[in-house]
1. Shielding of A:111-121 by partners, i.e. mean partner chain Cβ atoms within 10 Å per residue?
2. Percent of Cα-Cα pairs more than 24 Å apart in chain A, please.
3. With charges only on Cβ, +1 for K and R and -1 for D and E, what is the dipole size of chain B about its Cα centre, in debye, rounded to 20?
4. Within 10 Å of each Cβ of A:266-272, how many other protein chain Cβ atoms are there on average?
5. Take the alpha carbon gyration tensor of segment B:126-241, find the square roots of its eigenvalues, order them as a ≥ b ≥ c, and report rounded if a/c is under 1.5; if not, report prolate when a/b exceeds b/c, else oblate.
6. Relative to the Cα centre, what is the charge dipole magnitude of the protein assembly as shown, using +1 at the beta carbon of each Lys and Arg, -1 at the beta carbon of each Asp and Glu, and rounding to the nearest 20 debye?
7. With +1 on each Lys and Arg Cβ and -1 on each Asp and Glu Cβ, how big is the dipole of segment A:14-65 about its Cα centre, in debye rounded to the nearest 20?
8. List the residue ranges in chain A for DSSP H helices whose C-alpha atoms run 30 angstrom or more along the long axis and whose Kyte-Doolittle average is -0.5 or above.
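Just so it is clear, none of the values below were taken in a lab; they were calculated from the coordinates. Just so it is clear, the model here is predicted, and its values are computed rather than measured. Neighbour counts are summed over all protein chains in view; Cβ atoms, including those assigned to glycine, are modelled from backbone coordinates with ideal geometry.
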Amino acid sequence: MSSLTSALPPAQGTGARIARWGLYLILLLFAAYYLLPLLLMITTSFKSPEEIRTGSLLSLPRDFSLDAWSYAWNRACIGADCRGMAPYFLNSIVIVVPAVVISTIFGALNGYALTKWRFRGANIVFGMILFGSFLPSQVILLPMAQTLGALGLAGSAGGLILVHVVYGLAFTTLFFRNYYVSIPDDLVKAATIDGAGFFQIFTKIMLPLSLPILVVTIIWQFTQIWNDFLYGASFAAGGAQPVTVALNNLVNTTTGVKQYNVDMAAAMIAGLPTLVVYVLAGKYFIRGLTAGSVKG
Amino acid sequence: MTMQTPSLRPAAGEDAGAVPGSATPQKAGGLRAVAQRHLSKLVVAPSFAAILLFVYGFIAWTVYISFTNSKMLPSYDLVGAEAFSKLWRIERWYVAIENLLIFGGLFIGISLVIGILLAVLLDQRIRGEGALRTIYLYPMALSFIVTGTAWKWILNPGIGIQQFVRDLGFPAFTFDWIVQQDTAVYTLVIAAVWQSSGFVMALFLAALRGVDQEIIKAAYLDGASLPRIYWGIVLPSIRPVFMSAFVILAHLAVKSYDLVVALTGGGPGYASDLPATFMYEMTFRRNQIAIGSASALMMLATVVAIIVPYLYSELKGGKRV
């Protein structure tokens with residue numbers, strides 16, 4: 001899509017030139033504001049403790065060192081457990097992958113059923129599912145903790161997978177529903193006349209058309225679940241904690257000398273997967289963001 | 001670059017086939033069509049059942065518990081609205097509510113101003129727009145637990161900005177909001193605006209790109225200046241986006257939790273508590289389950305008051321078009 005002002009003739013003259021420079025200056029200053037925390041994390045993670053003490057906040061690392069990264073990865077102490085971030089990183093993968101896959105499959109089926117095979121009350125069902133995307137988690141923390149306990153899933157990865165699938169359904173259903181609504185019903189009609197059934201139409205007609213929204217949904221769910229802290233902190237015990245909870249424990253442990261380079265390296269480790277996905281597929285992430293709502 | 005419109009309203013097309021019952025063939029197939037239609041309900045049923053239980057059932061459970069005298073473990077003896085009246089006598093709850101008002105007001109206001117400003121500036125045929133947009137929005141892709149690590153450092157007077165500026169030769173420079181009772185909540189605003197204003201930018205930029213160019217052209221030929229065109233014509237014409245942005249930011253503010261945990265931990269003392277951290281503290285640390293549940297319901301009521309009218313008008317509007 002083109003810029004709003006592209007219909008207008010470009011402004012001429014010195015005044016316009018100065019305004020143009022000012023415009024770029026403001027935009028670049030804002031870029032610096034947004035980038036500062038990330039740059040700080042990256043540069044600090046490559047510095048030695050000595051350099052952090054003596055050097056300046058914004059200086060680049062003099063002696064580029066990966067020590068903090070390797071220490072954060074497999075030796076840093078999270079509580080009494082000194083195996084570094086690695087096992088928790090693995091926990092997050094074990095939680096995220098099934099949770100994303102399951103919630104996406106259900107979302108796609110729901111979206112398909114709610115748009116192409118509309119039944120009486122479909123809109124109410126959709127509205128009730130959708131409300132879940134705005135639900136403050138605090139309302140369900142306690143009953144969920146009790147339920148997971150009763151199911152024997154307390155403190156386990158399985159419990160967290162269940163939680164993320166259930167509360168992700170609102171988003172995945174919303175994404176697919178709004179996407180499928182724009183696919184012509186005639187396609188489905190024609191296929192039913194040819195004798196195709198519910199699931200056949202889904203796999204043969206809808207799924208092949210669904211790649212863009214599939215990418216949006218998977219990226220959205222991946223980012224949300226990977227970044228989750230509240231559920232992880234409430235429902236996962238000790239060794240089953242996701243990487244965000246481990247990071248928080250590492251950074252907020254007060255014993256011993258503070259190793260800022262290790263903190264920053266650990267933060268980068270926890271943030272890198274979603275950051276890489278964002279850089280590679282930001283367009284799809286933005287579409288998920290603007291598709292309706294955000295989880296806080 | 002295509003961006004989805006910032007709306008819950010489905011994109012064009014829904015109403016093309018808005019025959020009641022949509023694609024389901026009414027006559028062809030008979031029995032089979034009936035089976036197919038039930039299949040549709042069967043497919044949605046597990047998700048709907050899960051939502052009924054885990055969202056609405058759990059809300060009901062929390063409501064019930066808030067009317068009991070549960071302390072460390074849930075008790076099922078109803079004692080009336082005791083927990084609510086206790087809640088509203090706790091000073092810490094008032095601190096959390098007051099903080100939410102300060103934090104929410106500033107966070108929403110400043111995010112809107114910065115987001116709109118950036119969207120309008122980026123709309124001026126900027127070279128490198130894609131890269132700038134990516135930079136403005138990346139904080140949304142990272143957990144605040146991650147970026148909070150950096151923010152905590154920046155705001156720490158001993159090693160962050162304050163020390164940096166002092167080292168530059170201004171020994172009297174002071175920026176210690178994070179350790180002061182009265183100002184800690186403002187550091188939450190700084191970090192939250194940093195995280196969400198790029199998102200507001202994306203919402204408004206998408207809307208700006210959808211405004212009819214002919215209107216702009218006509219106004220320009222009439223001699224209106226660019227700022228006046230934006231202020232007088234363009235921004236009023238995308239009014240619905242203000243509503244969406246406000247609703248999303250407001251519900252983010254009510255739910256803010258990670259931010260506080262990563263940045264201040266609610267401190268110093270409980271000076272920067274928000275309702276979400278208050279609820280966690282009461283429920284999981286102080287064994288006051290009933291009061292924790294009551295506070296969670298206050299948060300829910302706030303979100304419902306913001307969301308339900310919005311969802312209603314959006315969904316209704318979608319059908320009306």
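1. Working: counts 1, 3, 9, 5, 7, 5, 13, 10, 8, 4, 1.
Average neighbour count from other chains, rounded to a whole number: 6.
2. 64
3. For chain B, the charge dipole is close to 940 debye.
4. Average neighbour count from other chains, rounded to a whole number: 4.
5. On the way: a/c = 2.79, a/b = 2.27, b/c = 1.23.
Verdict is prolate for segment B:126-241.
6. My answer is approximately 1240 debye.
7. 280
8. On the way: long enough: A:13-45 (47 Å, 1.33); A:86-116 (45 Å, 1.38); A:157-180 (32 Å, 1.11); A:260-290 (35 Å, 1.07).
Both cut-offs are met by A:13-45, A:86-116, A:157-180, A:260-290.
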